[in-house]
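Accompanying notes for the structure given below.
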Amino acid sequence: MNSYEVNFDGLIGPTHNYGGLSHGNVASKSNALKIAYPKQAALQGLQKMQQLRSLGLQQGVLLPQQRPHLPTLRRLGFTGSDTKVIEQASNLAPELLASCYSASSMWTANACTVSPSADSADQRVHFTPANLSSMFHRSIEHECTGKLLQAIFNNEQHFVHHPALPAGSHFGDEGAANHNRFAVDYGAPGVQLFVYGRYAFRENTLAPARFPSRQTFEASRAISQLHHLDPGRVVYAQQNPQIIDAGAFHNDVVSVSNLDTFFMHEEAFVDKQVMQESLQRQFGESPLHFIEVPTDAVSLESAVKSYLFNSQLVKLPDQQGMVLILPQESRENDAVYAYLQTLQESHTPIQKLIFVDVRQSMQNGGGPACLRLRVALNEAELAAVNPRFLLNDALFDTLSDWVNRHYRDELRPDDLRDPSLAQESFSALDELTQIFDLGAFYEFQR
């Protein structure tokens, strides 16, 4: 039976704006309160999805969440009509209003952690939405995320859905952005690598000093247990605190993997030798390929600024080697581009480079890899996926037309105060649920 890696990209929502809400995300903070271009952002994301599909890859779509999320504001004491709630929040707590307008669910690498059936004791695919508890504007996502995943993967024979881990700092979970899987084939048993930034219950352990460590060891271990993984095929590794303090708030800012290949910055982990030896031992006789980028070739600053490692490492059907899908910013950074030229000339599994334009996402702190959730599926599981969420030419055209009709060309910080923006967003999302035959999916529809 054939197996596939399916990339489910987040469709960027109509309230895409630069709120600068993510402490520790250098790009988010440096572009805070600038003019955003929602229509351009969404079309860039769709074009990236279509480009990967044109390469022969399986491509899916995850929908944006309801924004502004007025139920959150009502839970915090704002009352009255939608217009009144927005007016009150804009006057009394504009930072809360911005949080409830955030379109950050677009970065579906943080949507959940996925374990394929080949790794799970019950031979089913397991999903756990990330609680994203370290950032308020993202902590309100997981309930909708879980509901969306259940609508897409709605077959108990093949799929298992877990609730998000308990909220709070001890079980901070940021999803697949801190998770890698290695296997000889997408359908073969794999070794899963969970990357954490700190221990929550142990004192006097390594932790970043400047920025928060969003993923805890305890959260990673809990997900491994929930997904019924073989402890002999799971590795836990700590991300270098200095890397986090340099702006690599998730591990996918300093590493990316696919099948038997691990592309990483040499300073990404606290003890990379132990990690690599553990991975190879559990992987078996076939060699793993560790491609380490030295600091003297690409500094931490350049790695974070260019999002070199927040690229998609993909295996094309019936082709040897891997393809690295990079943001345009990696081409524009002299040091990074010089390294990439040497990479292409070296004998590694990475054989080809493709640059994509996702600049609107990049300026808000997310590259090509942030925009996608990887799900390994065999033929039977892929057939059980709700087909409306799998991209084809007709859906691409429909969604492009939908964006062009509903999205604003520009969005300024003060526009969040305008109640008509909320109505525009709700109108767009209402039509979107009709496209995907979801019924009254969003709260404003009920």
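Which peptide among 109-119, 431-441 comes first, and what is the full order, when sorted by highest mean count of other Cβ atoms within 10 Å?
Top to bottom by mean Cβ count within 10 Å: 109-119, 431-441.
Return the percentage of antiparallel bridges among DSSP beta bridges fully within the chain, rounded to the nearest 5 %.
Roughly 50 percent of the beta bridges in the chain run antiparallel, per DSSP.
With a probe of 1.4 Å, find how much accessible area the range 295-427 has per residue, and write the answer as a whole number in Å².
Value returned for the range 295-427: 42 Å² of accessible area per residue.
Nearest 5 percent is fine: what portion of the DSSP beta bridges confined to the range 164-277 is antiparallel?
Here the antiparallel bridges make up roughly 60 percent for the range 164-277.
Could you work out how far helix 38-54 tilts from the main Cα principal axis of the chain, as a 0 to 90 degree angle to the nearest 10?
The angle comes out near 40 degrees.
By the gyration tensor of its Cα atoms, with a ≥ b ≥ c the square roots of the eigenvalues, what is the shape of the range 312-433: rounded for a/c under 1.5, prolate for a/b over b/c, or oblate?
Since a/c reaches 1.5 but b/c is at least a/b, the shape of the range 312-433 is classed as oblate.
To test your reading of the geometry: what angle, between 0 and 90 degrees and rounded to tens, separates the Cα axis of helix 82-92 from the longest principal axis of the chain?
Helix 82-92 sits roughly 70 degrees off the main axis of the chain.
Which order do the peptides 233-242, 194-203 come out in when sorted by mean C-beta neighbours inside 10 angstrom, highest first?
For the peptides 233-242, 194-203, the packing ranking is 233-242, 194-203.
Of the heavy-atom accessible surface of the chain (probe 1.4 angstrom), what whole percent is carbon and sulfur?
The computed percentage sits at 47.
Test of understanding: extend the Cα→C-beta vector of Ala207 to 7 Å, then name every residue of the range 154-175 with backbone N under 13 Å from that spot.
Hits in the range 154-175 for Ala207 at 13 Å: 169-172.
Just by accessible area at a 1.4 angstrom probe, what is the order of Ile325, Ile140 from largest to smallest?
Ile140, Ile325
Magnitude of the Cβ-charge dipole of the range 245-346, K/R +1 and D/E -1, about the Cα centre, nearest 20 debye?
Charge dipole of the range 245-346: 240 debye, to the nearest 20.
Expressed as an acute angle from 0 to 90° and rounded to the nearest 10, what is the orientation of the C-alpha long axis of helix 334-345 relative to the principal long axis of the chain?
Between helix and principal axis, roughly 40 degrees.
Sort Lys48, Lys34, Lys305, Lys315 by heavy-atom solvent-accessible area, probe 1.4 angstrom, most to least.
In descending accessible area the options line up as Lys305, Lys34, Lys315, Lys48.
Please work out how much accessible surface Phe136 shows to a 1.4 Å probe, ignoring ligands, DNA and RNA, in Å² rounded to 10.
80 Å²
How would you classify the chain from its alpha-carbon gyration tensor, with a ≥ b ≥ c the square roots of the eigenvalues: rounded for a/c under 1.5, else prolate if a/b is greater than b/c, otherwise oblate?
Judged from the Cα gyration tensor, the chain comes out rounded (a/c under 1.5).
Run lengths n ≥ 4 of DSSP H only: what is the helix-derived mean residue ellipticity at 222 nm for the chain, with -39500 (n - 2.57) per run over all residues, to the nearest 500?
Calculated mean residue ellipticity at 222 nm is -10000 deg cm²/dmol.
The values are calculated or read from the model by the stated rules, or taken from the named source; none is laboratory data. Small disclaimer: the values here were computed from a predicted structure and weren't measured. Glycine also receives a Cβ, built like all others from the backbone with ideal geometry; neighbour counts cover every protein chain displayed. Protein only, heavy atoms only, side chains kept; ligands, DNA and RNA dropped before computing areas. Shrake-Rupley method; radii C 1.70, N 1.55, O 1.52, S 1.80 Å.
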